[in-house]
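Accompanying notes for the structure given below.
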Amino acid sequence: MISYLKGIVAGVQAISSNRVILTLEVNGMGYDLQIPQRLANQLTNTGDVVQIFTHYQIREEVPLLYGFSSPSERDLFRHLLSVSGIGAALAIALLDTLELPELVQAIIAANTQILIQAPGVGKKTAERICLELKSKLIEWRKSAGFFVATGGPAPGILEEVQMTLFALGYTAHEVSHALHVVSENIGLPKDAYVEDWIKQAIAHLSSTEAGV
């Protein structure tokens with residue numbers, strides 16, 4: 001119904017920990033859109049002119065507008081909503097937890113350990129997302145311009161490495177990015193020891209925190 005809105009940022013308000021509302025003024029009218037926190041962080045200046053891609057939904061006879069930074073983010077949100085048991089809150093939580101390419105990769109690779117880092121997403125929900133969306137996203141990512149990286153630990157090693165890094169307080173995005181960098185830039189073999197993957201990932205994460 002509404003593909004996008006282009007207007008002036010009138011305000012951004014955090015209604016709750018997982019609900020952020022953007023008020024966008026378009027031709028003298030104010031539209032309230034629920035947006036991911038990631039997008040809210042980019043909208044720093046009231047008065048800026050922005051283009052927001054939208055998804056229109058009616059829930060319990062109440063019309064709702066959701067806003068996204070790109071058509072790809074909006075389309076992935078719609079894919080997530082198509083999964084049984086996934087509502088807008090969980091879909092936005094997933095989009096906020098991982099960058100789009102990382103989220104697509106996690107679903108295609110059935111990396112549930114990464115997906116359950118999103119607030120409210122349990123193991124069974126993560127498994128259902130992978131089961132219902134894997135084949136759809138393999139096709140969709142081509143038109144969306146995403147690639148799925150092949151780097152990272154072998155499946156039998158991956159979960160243990162991720163669990164250790166999560167326990168140390170690193171986020172899903174940090175862990176996903178670090179393992180890709182270790183694989184691609186350092187060239188650590190997929191079947192290297194768990195300890196080697198952890199050591200190299202922490203070294204990369206520490207250098208990033210230090211600004212090296």
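Summary table below
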| read-out | value |
| --- | --- |
| Residues of the chain: accessible area per residue with a 1.4 Å probe, Å² | 53 |
| Separation of the M1 and A203 label points, Cα + 7 Å toward Cβ, nm | 5.5 |
| Under-5 Å amide H pairs with A109, H placed in peptide plane, nonlocal only | none |
| Computed over the chain: relative contact order in percent, which uses C-alpha pairs under 8 Å that are six or more apart | 13 |
| Sequence ranges 196-205, 43-52, ranked by mean other-Cβ count within 10 angstrom, highest first | 196-205, 43-52 |
| Surrounding net charge for T97, when Lys and Arg each add one and Asp and Glu each subtract one, Cβ distance under 14 Å | -4 |
| Accessible-area composition of the range 16-68, carbon plus sulfur, in percent [1.4 Å probe] | 44 |
| Cα-centred dipole magnitude for the range 102-212, charges only on beta-carbon of K, R (+1) and D, E (-1), debye, nearest 20 | 460 |
| Cross-link partners of K123 among lysines (Cα-Cα below 30 Å; sequence separation of 8 or more within a chain) | K134, K136, K142, K190, K199 |
| Listed peptides 29-42, 130-143 by packing density, highest first (mean Cβ within 10 Å) | 29-42, 130-143 |
| Backbone HN-Hα couplings from phi across the range 110-120 [Karplus 6.51/-1.76/1.60, Hz, Gly and Pro as x] | 6, 8, 5, 4, 6, 5, 6, 6, 6, x, x |
| Net length gained if the chain between M29 and E61 were fully extended (0.36 nm per residue, minus Cα distance) | 9.3 nm |
| For V20, distant residues with modelled amide H under 5 Å away | I15, I35 |
| Dipole of the chain, positive end: most advanced residue of A172, I2, S207 [Cβ charges, Cα centre] | I2 |
| Estimated FRET transfer efficiency (E159, L131; beta-carbon r; R0 30 Å; 0.05) | 0.95 |
| Derived scalar couplings ³J(HN,Hα) [the range 66-74; Karplus, 6.51 cos²θ - 1.76 cosθ + 1.60; whole Hz; x for Gly, Pro] | 10, x, 9, 7, 8, x, 5, 5, 4 |
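The values are calculated or read from the model by the stated rules, or taken from the named source; none is laboratory data. Because the structure is predicted, anything quoted here is derived from the model rather than measured. Because the Cβ atoms are built from the backbone with ideal geometry, glycine has one as well, and the counts that use them run over all protein chains shown. Keep in mind that these areas ignore ligands, DNA and RNA; they rest on the heavy atoms of the full protein, side chains included. Shrake-Rupley method; radii C 1.70, N 1.55, O 1.52, S 1.80 Å.
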